[in-house]
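Values quoted throughout were computed directly from the atomic coordinates according to the rules given, and no laboratory measurement underlies them. For clarity, every value in this text was computed on a predicted model and none was experimentally measured. For neighbour counting, all protein chains shown are included, and Cβ atoms are generated from backbone atoms with ideal geometry for every residue, glycine included.
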């Protein structure tokens, strides 16, 4: 069955994470995505491995076709304009103003294709004092306050995942879908804009609401205290977590498992407010208890009591987890020249139009001739463009 977005054509002139992730989410839903890349080099993520086909690149570019165009040239700009004339969505993550200087900004494209949804992604947005600064994932995490909630004062650390980049891609996808829905009703496209900073600030709304209410600046530990989140290690240094939240039954189950049923009546631990105030004392008493057993046994006993508990899985453990296996992860795809690879599948399922992986990540410029031919370019013209370095 065709995907939910079958018939939607997306042109992506984006690199690294934010734009490619947004368009990949849409591609998984059935949209046709044509990735426009710089000749010879392509998306810089291609070079983060071997064969100009790095795993990092592949994780963000399945279900796409690749065309190489140097649209700094007049001929290349003409090719991109032809693509945009017949497109539904344009996704770009250049710095603000770059495409405007080349006559490829929203105002110009809107005149030739008023139905186009034009999505701009940047570090900080098209207005404001940071407009022209370089924006990268960790910068977005740091300026937004997100990183302050993920690391501790006195021991600041960067994260091992591109958190702000992926968040921004998801928010961009959300905006694009909303704009496409509005176009169904009005027949008119619009400009969708997001940035690393804006998306990341939006994402920390829970902690921001607490700050607005109390005036106290939250840090990582505050949420662990208020939500009853604990992390422990067993006798083999294997880590696991508890997320106790509010229901009393979780706490009663925990106290029974660790052999401390009397804590149900202990004034330090017998209600939510007391447990928050005495979080450190409770953690200090639980840690040596959990050190005296095996993680597997502790988790079995906790789960039997309906206590929310889980191992802190490393990725090698994730993909042997029986629940993860039921999602069909990982998904194996094969490129006819680059061979087999494993990828993560979609985060959602849909009963009528399920997301799917139809195309493996493309080689650089793999579909250039196919796409140009579809635009009406003949062999001689395509050869001329190649000789000029336009494609």
Among 99, 116, 282, determine the one that fluctuates most according to a GNM of the chain built with springs between C-alpha atoms less than 10 Å apart. 282
Relative contact order of the chain: what whole-number percent is it, with Cα pairs under 8 angstrom and at least 6 residues apart? 20
Relative to the longest principal Cα axis of the chain, at what angle does helix 248-257 sit, 0 to 90 degrees, rounded to 10? 60
What helix-only [θ] at 222 nm does the chain give? Using -39500 (n - 2.57) per DSSP H run of at least 4, over all residues, to the nearest 500, the answer is -11500 deg cm²/dmol
Once each part is reduced to its C-alpha centroid, what is the distance from region 182-200 to region 296-361 in angstrom? 31
Beta bridges per DSSP with both ends in the chain, % antiparallel, nearest 5: 40
Specify whether the C-alpha gyration tensor of region 1-125 places it in the rounded, prolate or oblate class, a ≥ b ≥ c being the square roots of the eigenvalues: rounded for a/c under 1.5, otherwise prolate if a/b is larger than b/c and oblate if not. oblate
With a Cα-only, solvent-free Debye model of region 228-314, what are the log10 I(q)/I(0) values at q = 0.14, 0.18 Å⁻¹? -0.43, -0.72
Between residue 264 and residue 48, how many nm apart are label points set 7 Å from Cα along the C-beta direction? 5.1
Geometric extent, Cα atoms of region 202-266 - Rg, Dmax (angstrom): 15.3, 43
In which sequence would 201, 320, 17 go, from the one with the fewest C-beta neighbours within 10 Å to the one with the most? 320, 201, 17
If one compares the long axis through the Cα atoms of helix 74-85 with the longest principal axis of the Cα atoms of the chain, the angle in degrees, nearest 10, works out at 60
Cα gyration tensor shape of region 32-80, rounded if a/c is under 1.5, else prolate or oblate by comparing a/b with b/c: oblate
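Could you list 89, 188 so that the one with the fewest beta carbons within 10 Å of its beta carbon is first and the one with the most is last?
188, 89
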Expressed as an acute angle from 0 to 90° and rounded to the nearest 10, what is the orientation of the C-alpha long axis of helix 18-28 relative to the principal long axis of the chain? 90
Average projected area [Cα convex hull, region 130-238], square nanometres: 10.6
